[in-house]
Amino acid sequence: MFKIGTTSYIYPADILVNVKKLAGRVRDIELVLFEFEEASNFPDKAVIDELVDVSDRYGISYTIHLPLDLALAGEKPDIEKAIRVIGLTRRLNPEGYIVHLDGGGQRDVSARLETSVDSLKALAGAVDSCSLLCVENLESQSQEFTDSVLDAMPVSTCADVGHLWKRGEDPAPVLAKRLDRTRIVHLHGLQGRDHRSLSFAEPIDLDPVVEFLLLNYQGILTLEVFSEIDFNESLEALRASAARVLQRYPVRSGF
């Protein structure tokens, strides 16, 4: 059975408040980290201490979403910032570090691929296992690009179902193809934009994904939304989908 999680920005408050309010409701929390000139949410030692305590008390795990501005496929990837985040969060024993290989702009595919692999090699030296680096499929990238990265490096994947839907692709074959490499799955609905409530996903689209995950997947399923309403609706939609699926598999219960 997969572990249900969500993001650290469900409530309009900082990471620590979100983690404490979500503890007991989910089994994993994706810490979404950023650092800009005007703001940063990188955790200091005191915050890490409290996050460790919440994890110990409630039995939750963490996944770390590396900052979005690293440009790891670009000409000047910010490896130093990525490694700094990995070092700051090491005590949390994350289930995975979610990596975006973007920032390549108008560079050709071969150049973006070469830089992406070089960036992953640099990050591999900062983690206990290369498999903790989870490359997320992006709506702007082809599946061939992600496959090429996986062929070149022994990293894992973060399968973002919402991004596949946004590209008009069927998630089931992608999930099946990369099942052995997938540590994290992101699930969210589309309504004008992505990362909306899963209630916007039609059963004809959602149920095959949930069925595949229930039957085959034992990693982390993150409801990657960013408001309390979207989280509550997404959790309800996921449970309703599972109930429909499990009607066909009565021996499987306890979702």
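Read-outs throughout are calculated quantities, based only on the coordinates presented, and are distinct from any laboratory measurement. Note that the structure is predicted; figures quoted are calculated from it, not measured. As a convention, Cβ positions derive from the backbone with ideal geometry for all residues, glycine included, and neighbour counts pool all protein chains shown.
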Among the lysines, select those whose C-alpha is under 19 Å from the C-alpha of Lys45, and discard any that sit fewer than 8 residues away in the same chain.
Lys20, Lys81
Could you tell me the relative contact order of the chain? Use alpha-carbon pairs under 8 Å, at least six residues apart, and round to a whole percent.
19
About its Cα centre, the chain carries a charge dipole, from +1 on Lys and Arg Cβ atoms and -1 on Asp and Glu Cβ atoms, whose size in debye to the nearest 20 is 800
Hull volume in cubic angstrom per residue (convex hull over the Cα atoms of the range 91-208)
122
For the chain, any Cys whose C-beta has no other cysteine C-beta under 4.7 angstrom counts as unpaired, and these are Cys130
With labels modelled as points extended 7 Å from the Cα through the Cβ direction, what inter-label distance (nm, one decimal) is found for Phe34 paired with Asn93?
3.1
Spin-label zone in the range 213-244 - amide nitrogen under 16 Å from a point set 7 Å from the Cα of Ala176 along the C-beta vector
213-217
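Fully extended, how many nm does the chain gain between Ala46 and Ala13 (0.36 nm per residue separation, minus their Cα-Cα distance)? If you can, show how the numbers build up before the last one.
Details: separation 33, 0.36 × 33 = 11.88 nm, distance 1.71 nm.
Here the segment from Ala46 to Ala13 would lengthen by 10.2 nm.
Around Gly105, under 10 Å between beta carbons, what's the net of Lys plus Arg minus Asp minus Glu among the other residues? Could the numbers behind the result be given before it?
Values: positive: Arg107, Arg112; negative: Glu75, Asp102.
Residues close to Gly105 contribute a combined charge of 0.
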Using a 10 Å Cβ count of at most 16 others and DSSP loop calls, identify the longest part of the chain lacking such GluC sites (Glu not before Pro).
170-255
Let me see the P(r) profile for the chain: every Cα-Cα distance counted, bins of 5 Å, each bin given as a percent of all pairs.
1, 6, 14, 17, 20, 17, 13, 8, 3, 1, 0
Calculate the spin-label point distance for Lys166 paired with Leu215, positioning each point 7 Å from the Cα along the beta-carbon direction, and give it in nanometres.
2.9
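Could you tell me the convex hull volume per residue, in Å³, taken over the Cα atoms of the range 1-104? Before the final figure, lay out the partial values.
Values: hull volume 11.2 nm³, N = 104.
Roughly 108 Å³ of hull volume per residue.
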Which residue, chosen from Thr63, Ser148, Leu120, occupies the Cα position most advanced towards the positive end of the dipole of the range 3-246, where the dipole is computed from +1 (Lys, Arg) and -1 (Asp, Glu) charges on Cβ about the Cα centre?
Thr63
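Which of the three applies to the range 177-231, rounded, prolate or oblate, going by the alpha-carbon gyration tensor with a ≥ b ≥ c and a/c under 1.5 meaning rounded? It would help to have the intermediate numbers written out before the result.
Numbers: a/c = 2.29, a/b = 1.59, b/c = 1.45.
The shape class here is prolate.
Any chance you could tell me what percent of the C-alpha pair distances in the range 126-167 go past 15 Å? Spell out each step's value before the answer.
Values: 355 of 861 pairs.
Here the long-distance tail beyond 15 Å is 41 percent of all Cα pairs in the range 126-167.
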Ranking Ser241, Ala201, Leu72 by how far each Cα lies towards the positive end of the charge dipole of the chain (+1 on Lys and Arg Cβ, -1 on Asp and Glu Cβ), the top one is Ser241
By how many nm would the segment from Glu202 to Met1 grow when fully extended, if each residue of separation counts as 0.36 nm and the alpha-carbon distance is taken off?
70.1 nm
Could you tell me which of Leu16, His188, Gly168 has its Cα farthest along the dipole of the range 3-246 towards the positive end, charges placed at Cβ (Lys, Arg +1; Asp, Glu -1), taken about the Cα centre?
Leu16
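Hey, what number do you get for the chain at 222 nm if only DSSP H runs of n ≥ 4 count, each worth -39500 (n - 2.57), divided across all residues, to the nearest 500?
Values: 9 runs with 105 residues, N = 255.
That comes out to -12500 deg cm²/dmol.
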quick shape note, the range 1-59: Cα extents on principal axes in Å, largest first -> 41, 20, 18
